[in-house]
Amino acid sequence: YETVEYSPVMVVKKDGSRQQFDIDKVRRGIMKAIEKRAVSMAVVDKLVSEVQKSVLNSLEQEVSSTHIGELVMDGLKQVDEVAYVRYASVHRQFKDINSLLNEIEELVKLKESLNNKK
């Protein structure tokens with residue numbers, strides 16, 4: 001029998017360390033962000049699946065944790081704005097309240113531009 005040889009995708013963290021890609025870790029981060037929000041598990045599963053598909057389909061052996069975080073934030077931005085800000089505040093490690101406010105202002109501008117297109 002022939003078998004497909006599996007080569008794990010490694011995640012390069014901000015400090016330069018590497019660890020194997022773990023989709024459960026992505027799911028846990030999303031679950032923390034949506035805590036006490038009206039987001040269904042079906043939506044969470046779809047987002048997790050999209051992130052996993054994007055990482056694995058890139059055919060790269062290494063992917064940055066920043067890239068994975070951006071994929072999650074892009075998905076959360078469409079799902080729930082509060083969850084997006086929660087996730088972004090951890091992922092982007094805002095240094096002060098102004099950094100957080102700037103991110104919220106960008107989100108408001110994006111929402112307004114999307115509403116104007118309708």
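The values are calculated or read from the model by the stated rules, or taken from the named source; none is laboratory data. Note that the structure is predicted; figures quoted are calculated from it, not measured. FYI the Cβ positions are ideal-geometry reconstructions off the backbone, even for glycines, and counts take in every protein chain you see. Side chains are part of the model used for accessible areas, which takes the heavy atoms of the whole protein and leaves out ligands, DNA and RNA. Shrake-Rupley method; radii C 1.70, N 1.55, O 1.52, S 1.80 Å.
One residue stands out in the stretch 45-64 among those that are under 11 Å from the mean Cα position of the chain (by Cα) and under 20 Å from Val85 (Cα atoms): the one that is surrounded by the most Cβ atoms within 10 Å (Cβ to Cβ), namely Leu47.
Identify all residues within the stretch 15-44 that are touching a strand residue (DSSP E or B) at 6+ places or on another chain (Cβ under 9 Å) and either assigned to a strand (DSSP E or B) or open to solvent by less than 40 Å² (accessible area, probe 1.4 Å) (or both); write none if there are none. Within the stretch 15-44, Arg18, Gln19, Gln20, Phe21 meet the criteria. All of Val85, Val108 fail the test of being under 27 Å from Met41 (Cβ atoms), more than 11 Å from the chain's Cα centre (by Cα) and open to solvent by less than 80 Å² (accessible area, probe 1.4 Å), apart from Val85. Residues in the stretch 1-14 that are in a loop (DSSP other than H, G, I, E, B) and either at pLDDT 95 or above or β-branched (Val, Ile, Thr) (or both): Thr3, Val4, Val9. Would you check if Val55 is modelled with pLDDT of 95 or more and in a helix (DSSP H, G or I)? The answer is no for Val55.
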